[in-house]
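**Student:** Next up is a structure, given as structure tokens.
Values quoted throughout were computed directly from the atomic coordinates according to the rules given, and no laboratory measurement underlies them. Keep in mind the model is a prediction, meaning the values are calculated, not measured. Note: ideal-geometry Cβ built from the backbone for every residue, glycine included; neighbour counts use all protein chains shown.
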Amino acid sequence: MKTKKIPMRMCIGCGEKKPKKELVRVVKSKEGEISLDLTGKKSGRGAYICGDLKCLQKARKSRRLEKSFSCQISDDIYDTMESELSK
């Protein structure tokens with residue numbers, strides 16, 4: 001029996017490659033709204049981050065989300081993402 005291939009994604013905070021199911025997806029919708037996608041099924045451009053607050057803070061400091069989505073992200077959006085991850 002064949003073994004199933006596990007999709008790997010890279011965290012934009014720490015840069016480690018991990019299985020896709022271990023990471024949280026950050027999505028930019030067509031309307032430009034940026035949010036966390038805990039289910040992994042929202043439509044739009046996605047980037048992956050560990051479920052750790054430290055990784056989100058590293059990505060915020062180095063502006064990696066802004067580079068991957070090619071837009072400015074306000075501090076309010078980062079604050080809401082941090083509060084959702086801390087739950």
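**Student:** Can you give the calculated 222 nm mean residue ellipticity of the chain, where each DSSP H run of n ≥ 4 adds -39,500 (n - 2.57) and the sum is split over every residue, rounded to the nearest 500 deg cm²/dmol? Kindly include the intermediate steps, with their values, before the conclusion.
**Tutor:** Numbers: 3 runs with 28 residues, N = 87.
When only DSSP H runs of four or more count, the value is -9000 deg cm²/dmol.
**Student:** Within segment 1-76, list the GluC sites (Glu not before Pro) lying in a DSSP loop whose Cβ has at most 13 other Cβ atoms in a 10 Å radius. Provide the component values of the computation, followed by the final result.
**Tutor:** Details: sites: Glu16, Glu22, Glu31, Glu33, Glu66; in loops: Glu16, Glu31, Glu33.
For GluC sites (Glu not before Pro) across segment 1-76 that sit outside H, G, I, E and B with at most 13 neighbouring Cβ atoms in 10 Å, the list reads Glu16, Glu31, Glu33.
**Student:** Relative contact order of the chain: what whole-number percent is it, with Cα pairs under 8 angstrom and at least 6 residues apart? Please list the in-between numbers first.
**Tutor:** Numbers: 119 pairs, mean separation 23.1, N = 87.
Rounded, it is 27 percent for the chain.
**Student:** Of Lys2/Lys87; Lys4/Lys28; Lys2/Lys61; Lys4/Lys61; Lys2/Lys54; Lys2/Lys67, which ones are farther than 32 Å apart at the Cα? Each step should come with its number before you reach the end.
**Tutor:** On the way: Lys2/Lys87 38 Å; Lys4/Lys28 29 Å; Lys2/Lys61 42 Å; Lys4/Lys61 36 Å; Lys2/Lys54 37 Å; Lys2/Lys67 38 Å.
In this structure, Lys2/Lys87; Lys2/Lys61; Lys4/Lys61; Lys2/Lys54; Lys2/Lys67 exceed 32 Å between Cα atoms.
**Student:** Checking the cross-link filter: which aspartates and glutamates have an alpha carbon closer than 13 Å to that of Lys21, excluding same-chain neighbours under 8 positions apart?
**Tutor:** Excluding near neighbours in sequence, the set is Asp37.
**Student:** Spin-label point model (7 Å from Cα, Cβ direction): what's the Arg63 to Leu38 distance in nm?
**Tutor:** Label at Arg63, label at Leu38, 3.1 nm between them.
**Student:** What do you get for the angle between helix 53-62 and the principal long axis of the chain? Use alpha-carbon atoms, 0 to 90 degrees, nearest ten.
**Tutor:** With both axes taken from Cα atoms, the answer is about 60 degrees.
**Student:** Helix 75-86 against the longest principal axis of the chain: what's the angle in degrees, Cα atoms only, rounded to the nearest 10?
**Tutor:** Compared with the principal axis, the helix lies near 40 degrees.
**Student:** Go from 0 up to the bin containing the longest alpha carbon distance in the chain, width 10 Å each, and give me the % of pairs per bin.
**Tutor:** 17, 53, 23, 5, 1
**Student:** With Cβ to Cβ distances under 12 Å as the rule, what net charge do the other residues near Ser74 carry (K, R +1; D, E -1)? Write down the numbers at each step before the final one.
**Tutor:** On the way: positive: Arg60; negative: Glu33, Glu66, Asp75, Asp76, Asp79.
Charge balance near Ser74 sits at -4.
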